[in-house]
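The values are calculated or read from the model by the stated rules, or taken from the named source; none is laboratory data. Owing to the predicted nature of the structure, the values given are computational and were not obtained by experimental measurement. Note that we place each Cβ from the backbone using ideal geometry, even for glycine, and neighbour counts take in every protein chain shown.
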Amino acid sequence: MEGKMLAAHFDVPGEPENLYVKEVSKPVPKEGEVLVEVHASALNRADLLQRRGKYAVPPGASQILGLEAAGKVVALGPGADGRWKIGDRVMALLAGGGNAQYVNVHSCQLMPIPAGMTDTDAASVPEAWLTAYQLLHFVGKVQKGETVLIHAGASGVGTAAIQLCRLAGAVPMVTAGSADKLEFAKKLGAAAGFNYKEEDFGTKCLEATNNVGADIILDCVGATHWEKNLQALNTDGRWVVYGLMGSGQINGDFLTKLLWKRGSLLGSLLRTRSSKYKAELVKAFTENALPYFTPGGPVQLRPIVDSVYPLEKIAEAHRRMEENKNTGKIVLQVPV
């Protein structure tokens, strides 16, 4: 298959059943890029939206699904030598293209796989952990001792955010939709957990913080949670929206309540950021968080893998995420 590779594909947007694996052209690394042989990739909510035709691919990015991958360097484009060499085990933050046997990555968006970490675990790190790190540090400006309310606490980003909060000396609290997910989040370090399906997490968050509320809210849900979010937000708190699983259309006296709290509403996406921004994020994460993935340190960070599917069963993997069954990341094993 010289010049060709296998990749996830769909002919028309729609349900998971539309996904299949087909032979496509193998990418050639351009200026500053590295070609990575992909051993594992992982799912993100953006993949589901893209499959449904509801997430436009950024200009110049691969149309193939997949925002993160792990594998090894097999070729260097012009100007990409120096930092990486052939055979290096790497994990990559991508704007697309990860659900395939090979992917081009800008050399600044690669990270070394920590010693002892499997490709499966490594594939679950880049998008989720870099998103969580970005939300907490670049956008939310988390400070030691602050309380952070994390929605979807058992998701890939949620499980990463819990651990990164503890690393930063902050106090994580979570919402999730089942007792099992809340229990898992607490084992990871969440100080409190609220079942948004069964209880008023706005009231519960206030009770858990002596009526102070959360200094930061990491919100991937949006409109359906807005009133409880504002109830839970501390005065001068930062509400960081990075997804809209519960719609983006708000009806009600939203601005008055936000103003009364003197709250900051911050929106953040990672996929559409510039290469320069992503390079700065990767550098900060590599220096400040990646060392803690190596076993034996005082603080141990660990990627949470929910399940592993071969690439040809990508439709089943998408269905599992769509049904919110996962705790942690859903990983795809890619045939070499």
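A few comments on the model shown:
- Scanning the range 242-252 turns up one or more residues that are of a type in the set (A, V, I, L, M), under 20 Å from GLY153 (Cβ atoms), within 20 Å of the chain's Cα centre (by Cα) and in the same structural domain as LEU167 (by TED's automatic domain parsing).
- Of all residues making up the range 197-228, the number that are closer than 15 Å to MET245 by Cα, more than 21 Å from the chain's Cα centre (by Cα) and surrounded by 23 or more Cβ atoms within 10 Å (Cβ to Cβ): 0
- Annotation: of all residues in the range 45-76 being within 26 Å of ASP121 (Cα to Cα) and of a type in the set (D, E, K, R), the one that is surrounded by the fewest Cβ atoms within 10 Å (Cβ to Cβ) is LYS72.
- Only a single criterion out of (1) closer than 27 Å to VAL336 by Cβ; (2) in a helix (DSSP H, G or I); (3) of a type outside the set (S, T, N, Q) is not satisfied by GLU287, namely (1).
- Any hit, the range 38-61, residues being aliphatic (A, V, I, L, M), in a loop (DSSP other than H, G, I, E, B), touching a Gly at 6+ places or on another chain (Cβ under 6 Å) and within 18 Å of LEU269 (Cα to Cα): yes
- Some residue of the range 111-123 being assigned to a strand (DSSP E or B) and not polar (S, T, N, Q): yes
- Residue within the range 308-320 that is crowded, with 19+ Cβ neighbours inside 10 Å, at pLDDT 95 or above and under 17 Å from the mean Cα position of the chain (by Cα) present: yes
- Picking from residues in the range 77-117 that are more than 24 Å from LEU65 (Cβ to Cβ) and charged (D, E, K, R), the one that is surrounded by the most Cβ atoms within 10 Å (Cβ to Cβ) is ASP88.
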